[in-house]
Amino acid sequence: MAWIWFHKLGSPPHFYRLAGRMTPWFAWPALLLCLGGLYGGLVSAPADYQQGEGFRIIYVHAPAAWLSVMIYSAMAVYAAVGRIWRINVCHALAASCAGIGASFTLVALVTGSLWGRPMWGTYWEWDPRLTSELVLLFLYLGYMGLRSAIDDTARADRASAVLAIVGAVNVPIIHYSVTWWNSLHQAPSVMKFGKSSMPASMLIPLLMMLLGFTLFFVAIMLVRARGEVLRRERGAQWVAEAAVEA
Amino acid sequence: MSTPVSAARAGWLLMRRDLRLAMRRPGEWLQPLGFFLVVMTLFPLAGNPQLSRLRDMAPAALWVAALLSSLLALEFLFREDGQDGTLEQLAVSGLPLSWLLLAKTCVHWLLTGLPLVLVGPLAATALGAPYASIPGVLVVLLVGSLALSLIGAVGAALTLGLRRGGVLLALLVLPLAVPVLIFGARASALAIALEPMAGSIYLLGSIAVLSATLAPLAAAAAMRISLE
Amino acid sequence: MHWLQMGGYWPWVWPSYGLTLLVVVLNIVTARRSLRAARAEVRRRLQMQRSNP
């Protein structure tokens with residue numbers, strides 16, 4: 001019984017309509033949360049006693065880093081569900097994740113190195129988090145490369161699903177190995193982001209930004225996935241009806 | 001067609017067949033070894049050739065060269081059998097494809113990985129590693145190159161028959177091989193410094209075991225998609 | 001403005017925020033454009049089917 005909604009969600013016309021209706025419900029809260037988080041982070045939060053005003057980069061760096069990992073996991077889950085239960089909509093969702101994830105991985109890398117310049121005195125330090133983030137970017141690029149190298153969409157879906165799952169198994173191993181490697185070669189100059197002892201005036205804006213970015217990602221993913229679903233279902237009758245509606 | 005063959009026997013037969021075919025073309029599987037030696041030669045030429053300086057660089061050179069040459073060797077893993085339809089036959093044989101691909105990967109490792117394992121420690125001594133480090137480096141390369149071949153098989157199966165497959169293969173496999181590179185280079189560094197290296201070997205070994213269990217399954221899934 | 005100087009950290013703080021904003025905007029634009037392109041393609045196919053059934 002509980003599986004009915006699951007099957008219904010897996011039907012492309014239902015998904016297309018529902019995603020269209022849901023998008024604003026994610027987009028507007030995302031905007032409000034980000035505006036609130038920006039005000040809290042840039043204006044009302046006090047400067048850090050060690051890092052001064054420079055710590056405010058965390059309010060964009062941490063959400064981007066969080067998204068980069070979270071989107072990869074989401075992509076792998078969609079890919080696995082799409083492959084196991086042969087649900088086309090899930091493949092469309094996985095396909096829409098890759099570009100968004102790669103772009104936020106890039107943001108996490110660049111903001112991380114911008115933070116590093118005043119704090120470490122250099123733009124690039126072989127810090128474990130930045131290094132893992134860089135490898136994650138390569139994983140995204142490989143996924144997108146494989147997808148674009150296969151012309152047939154159904155085949156591209158299944159092949160890239162295998163890659164996403166293999167990558168997801170590897171991400172924790174890569175992160176652990178990079179951390180271990182770093183601890184051998186350097187004094188622990190680990191980024192001091194994300195201390196648990198943050199005062200509430202700093203922490204609450206951060207949480208707002210994290211949630212806001214996550215909702216933003218969902219909204220963008222839904223918009224992209226609707227386009228992907230239309231492209232995958234070109235010949236179907238419901239697509240013709242949906243196109244006339246819009 | 002009529003006599004059913006057990007999976008174990010089929011794997012054994014497949015290994016023998018692949019070995020016999022490879023023996024007819026020694027040039028093909030010796031190429032990666034030559035490539036490995038050339039890359040190892042480039043490091044002293046590009047840097048400071050004093051042996052004391054080279055010793056610091058030896059583990060990095062060893063593993064970058066091993067990784068690149070294993071990547072180059074992946075081209076030969078499935079290409080021939082994909083072109084003449086052997087892989088299709090394996091896929092429809094009703095035997096577990098992951099098992100058959102594991103057999104093929106083992107032969108591939110015997111031909112391209114093992115020579116590297118045997119020559120690698122000697123090449124490391126040319127970069128200033130002491131002779132006493134040869135057994136240690138050999139063990140590290142043995143475990144690490146197995147893991148590299150297994151991980152590479154997934155990438156080779158995914159890119160089978162694609163245009164621009166070679167560059168894409170590198171982009172897919174190299175990030176996945178990062179842990180092997182890190183643990184392998186660390187273990188080799190300890191071996192070259194003649195220090196105990198059991199910890200790094202265990203980490204490398206656990207990656208090899210994990211790859212041996214999961215990579216054939218992923219390679220078989222990828223292979224079925226590529227053969228459609 | 002004192003606030004804009006970010007205690008001397010402005011050369012690193014503002015580019016970070018600027019890049020993030022740029023990526024966010026680009027994500028919105030490309031997502032909407034890809035949905036619109038998919039719709040346009042469907043409509044084009046539909047018209048072609050109607051003109052020569």
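Across the range B:153-163, which residue is farthest from B:Gly205 (Cα to Cα) among those that are crowded, with 24+ Cβ neighbours inside 10 Å and either at the interface with another protein chain (Cβ under 9 Å from one of its Cβ atoms) or touching a Ser or Thr at 6+ places or on another chain (Cβ under 6 Å) (or both)?
Checked the range B:153-163; the qualifying residue farthest from B:Gly205 (Cα to Cα) is B:Thr159.
Mind checking which residues of the range B:164-203 are of a type in the set (D, E, K, R) and within 7 Å of chain A (Cβ to nearest Cβ)?
Listed by number, the residues that qualify are B:Arg164, B:Arg186.
Any residue in the range C:26-42 that is more than 7 Å from chain A (Cβ to nearest Cβ), among the hydroxyl-bearing types (Ser, Thr, Tyr) and farther than 17 Å from A:Ala219 by Cα?
Scanning the range C:26-42 turns up no residue that is more than 7 Å from chain A (Cβ to nearest Cβ), among the hydroxyl-bearing types (Ser, Thr, Tyr) and farther than 17 Å from A:Ala219 by Cα.
For the range B:118-177, give me each residue that is hydroxyl-bearing (Ser, Thr, Tyr) and assigned to a helix (DSSP H, G or I).
Within the range B:118-177, B:Thr125, B:Tyr131, B:Ser133, B:Ser145, B:Ser149 meet the criteria.
Would you mind telling me which numbered condition in (1) within 12 Å of another protein chain (Cβ to nearest Cβ); (2) free of Cβ contacts under 8 Å to residues at least 12 places away in the same chain; (3) not in a helix (DSSP H, G or I); (4) not acidic (Asp, Glu) A:Ser103 fails?
Against the list (1) within 12 Å of another protein chain (Cβ to nearest Cβ); (2) free of Cβ contacts under 8 Å to residues at least 12 places away in the same chain; (3) not in a helix (DSSP H, G or I); (4) not acidic (Asp, Glu), A:Ser103 comes up short only on (3).
Please go through (1) within 20 Å of A:Ser160 (Cβ to Cβ); (2) part of a helix (DSSP H, G or I) for A:Arg86 and return the number of the only condition it doesn't satisfy.
(2)
What's the number of the condition A:Thr153 fails, among (1) more than 9 Å from every other protein chain (Cβ to nearest Cβ); (2) crowded, with 21+ Cβ neighbours inside 10 Å?
With (1) more than 9 Å from every other protein chain (Cβ to nearest Cβ); (2) crowded, with 21+ Cβ neighbours inside 10 Å applied to A:Thr153, the lone miss is (2).
Restricting attention to the range A:84-100, which residues are open to solvent by 10 Å² or more (accessible area, probe 1.4 Å) and in contact (Cβ under 8 Å) with a residue 60 or more places away in the chain?
A:Trp85, A:Ile87, A:Asn88, A:Cys90, A:His91, A:Leu93, A:Ala95, A:Gly99
The values are calculated or read from the model by the stated rules, or taken from the named source; none is laboratory data. Computed from a prediction, not measured in an experiment: that's the story for all the values here. Cβ atoms come from the backbone with ideal geometry, glycine included; neighbour counts cover every protein chain shown. Keep in mind that these areas ignore ligands, DNA and RNA; they rest on the heavy atoms of the full protein, side chains included. Shrake-Rupley method; radii C 1.70, N 1.55, O 1.52, S 1.80 Å.
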